Amino acid sequence: MAISSTTSLTLVFSLLFMLSVSATILQNTFIVRVQQDAKPSIFPTHKHWYDSSLTSISDDKSSYSGDTDTSRVIHTYDTVFHGFSAKLSTLEAQKLQTLLGIVAVIPEQVRRMQTTRSPEFLGLKTADSQGLLKESDYGSDLVIGVIDTGIWPERKSFNDRGLGPVPAKWKGECIGGKGFPASSCNRKLIGARYFCNGYEATNGKMNETTEYRSPRDSDGHGTHTASISAGRYVFPASTLGYARGVAAGMAPKARLAAYKVCWNAGCYDSDILAAFDAALADGVDVISLSVGGVVVPYYLDPIAIGAFGASDAGIFVSTSAGNGGPGGLTVTNVAPWVTTVGAGAIDRDFPAEVKLGNGKIIPGVSIYGGPALAPHRLYPLIYAGSEDGDGYSASLCLEGSLDPNFVKGKIVLCDRGINSRAAKGEVVKKAGGIGMVLANGVFDGEGLVADCHVLPATAVGATAGDEIRKYITSASKSRSQPTATILFKGTRLNVKPAPVVASFSARGPNPESPEILKPDVIAPGLNILAAWPDGVGPSSMRSDKRRTEFNILSGTSMACPHVSGLAALLKAAHPEWSPAAIRSALMTTAYTVDNRGETMLDESTGNTSTVMDFGAGHVHPQKAMDPGLVYDLSSYDYVDFLCNSNYTTKNIQAITRKNADCSGAKRAGHSGNLNYPSLSAVFQQYGEHKMSTHFIRSVTNVGDPNSVYKVTMRPPSGTLVMVQPEKLVFRRMGQKLSFLVRVEVVAVKLSPGSSRMMSGSIEWSDGKHIVTSPIVVTMQEPM
């Protein structure tokens, strides 16, 4: 049937009208940066100015009366950031950007959490008569602010026995709420707040039958991360009998402040920024943030903006690198003023083997503390994705996908993906299965995470999963019943190799600033024991009624608070060090060799890992206490970096609150000249010819007053690296000296759109200290 021209015009106008209405009606949360001194004098407070500005651009002025009760402002910010957040339509956001004094209007992101032996593995031993713990008095009087899901204050990890009074500088509060009286704080947990306005602005009023409108943790993630950073010594500690021993955080005497921003639907930028704002005003020394999202330019990233304000005030910010590995370009939280932490494994695991009916033993890992399968009996084994199952959804063991007639009384092989690992076990259990084998996909590789399952279950690598499927197929073709059992081996220590880079740990290169190597370092993040709340089972499944004081989790979320705690120790030992100096000490003393004496492996492949996986390497706390030299940075160095990264002055003001001058000499350099402890050069090659670049670096002497450092170069393959001068002579503590690094490379043959990465290092040594900086050279062939 043909459409007439009149009908066509009607359809076009209808479509335009619907688009216009949707742009007017649909509202999202935006975060608004203002120029603080631009407030007209007619308004007594900034809040009045914000309300008036919103009224002036409102699509429906009749809905706003101007009183406080009907204000559209979600949060106001006045420490790390000047401005507010509000629900706006797209048209309102565009109008707001045109008003005088508005610097930036930033759309909100929803972030996700990036989900004990680690102190001993890191060399932090209480029996040592000297070292970082003793020198820092275990982090006493330093305050770590944990921005997360809240905290369960009654846990022994947060007791205040033997601690002195709350530091006099502390200005924070203990905000009470549902299930969390204000008296929940003590001399250990000295502050607690919660921020839910952004969450509720998008999702409506929270369901208080499943969440606490208070700092109390109903998830477990925040309790876990807080105790990793600064938990007290607790003995005995274990999860369902696994990992028995002493549990302790990195800085056992440091004080904690909990800032709850994560709820059932996620962690909202407007709430996260409000937590940064409060933490700075309260007086924290370190901020630990184990959440992440999509990488965007820094002026559109409230985490980067909040972290800059914190860094500008001398606060060290540690963030998780993300769990998007093992693929490249997956790293998040990549701003150079934050320390980005990837995850490694420690020398402990929890083996749980699959014994097949053909006698083969398949290695796996698990944390299961319930009734085990009989070790001398074999049980029927099936693949959930076989032709007898419900196809793709059944292969993943999704809710409602398994046929009880097919599954009952059997061990079920499930594929990873879509739903959580523990949820798959629950699906199998509901369908009558007696056990589960969880197989990695090709993308997951061979990396294994031990989970607290609700039935006998184990996780195996991608290769092992293929082998089990082949066995099931082969046995079925020969008309015999495939069988198996799962053998739980408990806790195994002194595992080799260790550390390895965790399969899930996000990798470089840096998507926003390829001249800045990210992640910066890795720290323990695989199968970490830490405190856990009463209200949540160890599998985090609602049906799991088991309770445990400690739980074992994995993720860069667990690696980040290790570095947060170490930063508190270093700050306590060296109060004069800036956040950049602390990061430098951690990076230049990091190691890349495992306990076999070989380069760390990538867990996902079993191959040698690279700087794109581990950054500068695995943290070495004892060496970081005395690094010899540090690469220091000021806030104005970051401003110059943003200039050289082609950010506009308005973009830079949105991030830094500073009026940047990007003209002249400041634009003469390049973004790789930021005084960072690593060096990264990216060459766009056109034909086969020589290319070169240079880096200028300055180091500050924090070691012996009279010292001479000589350089050793380990150039990336196929490059020529020259350092001038080759010797640095220091006469006093605090003295700064500069050097130039020149890198030359000859173009190599690459296919269009491809790239090649080579790495090396330069080392400065005075015979006592070794100060190592990785050098990364990336060759890119344009399309």
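Side notes on the structure shown:
- The Cβ shell under 15 Å around Y194 holds other residues with a net charge of -4, Lys and Arg each +1, Asp and Glu each -1.
- Modelled label positions at E726 and D704, each set 7 Å beyond Cα in the direction of Cβ, lie 2.2 nm from each other.
- Accessible surface of the chain, 1.4 Å probe, proportion on carbon and sulfur as whole %: 53
- Rh by Kirkwood over Cα pairs, then Stokes-Einstein D for the range 469-582 at 1.002 mPa s and 20 °C, µm²/s: 113
- Annotation note: trypsin sites (Lys or Arg not before Pro) in the range 696-765 located in DSSP loop regions with a Cβ neighbour count of at most 11 within 10 Å are R731, R732, K749.
- Residue-count net charge about T772 - beta-carbon cut-off 11 Å; Lys, Arg +1, Asp, Glu -1: +1
- An oblate overall shape is assigned to the range 168-211, the ratio a/c of its alpha-carbon gyration tensor axes (a ≥ b ≥ c) being 1.5 or greater and a/b not exceeding b/c.
- When the pairs K188/K496; K650/K690; K156/K178; K178/K430 are compared against a 30 Å limit on Cα-Cα distance, K188/K496; K650/K690; K178/K430 fall above it.
- In the context of the full set of protein chains, residues of the chain present 39 Å² of accessible surface per residue (probe radius 1.4 Å, heavy atoms only).
- Coupling constants for the range 716-726 follow from the phi torsions by the Karplus curve (6.51 cos²θ - 1.76 cosθ + 1.60, θ = phi - 60°), and in residue order they are x, 3, x, 10, 10, 10, 10, 10, 9, x, 8 Hz; glycine and proline get x.
- Fraction of antiparallel bridges per DSSP, the chain only, in percent to nearest 5: 65
- The lysines whose alpha-carbon is closer than 20 Å to the alpha-carbon of K470, local same-chain residues fewer than 8 away aside, are K355, K360, K410.
- Sum of side-chain charges, V723 neighbourhood, beta-carbon under 14 Å (Lys, Arg +1; Asp, Glu -1): +2
- Across the chain, the volume of the C-alpha convex hull divided among the residues equals 217 Å³ per residue.
- E200 accessible area, assembled protein chains, probe 1.4 Å, Å²: 40
- Length available on full extension from S751 to S386: 0.36 nm per residue minus the Cα-Cα distance, which gives 127.4 nm.
- Over the residues of the chain, the helix contribution to mean residue ellipticity at 222 nm works out to -6500 deg cm²/dmol, using -39500 (n - 2.57) for each DSSP H run of at least 4.
- Two-site label geometry, K690 and T209: point separation in nm, points 7 Å out along Cα→Cβ: 7.5
- Left without a cysteine partner by the 4.7 Å Cβ rule in the chain: C196, C452, C560.
- Solvent-accessible surface ranking, highest first, for S238, S476 at 1.4 angstrom: S476, S238
The values are calculated or read from the model by the stated rules, or taken from the named source; none is laboratory data. Source: prediction; values computed, not measured. Note that we place each Cβ from the backbone using ideal geometry, even for glycine, and neighbour counts take in every protein chain shown. Each accessible area value is taken on the protein alone, full model and side chains, heavy atoms only, with ligands, DNA and RNA left out. Shrake-Rupley method; radii C 1.70, N 1.55, O 1.52, S 1.80 Å.
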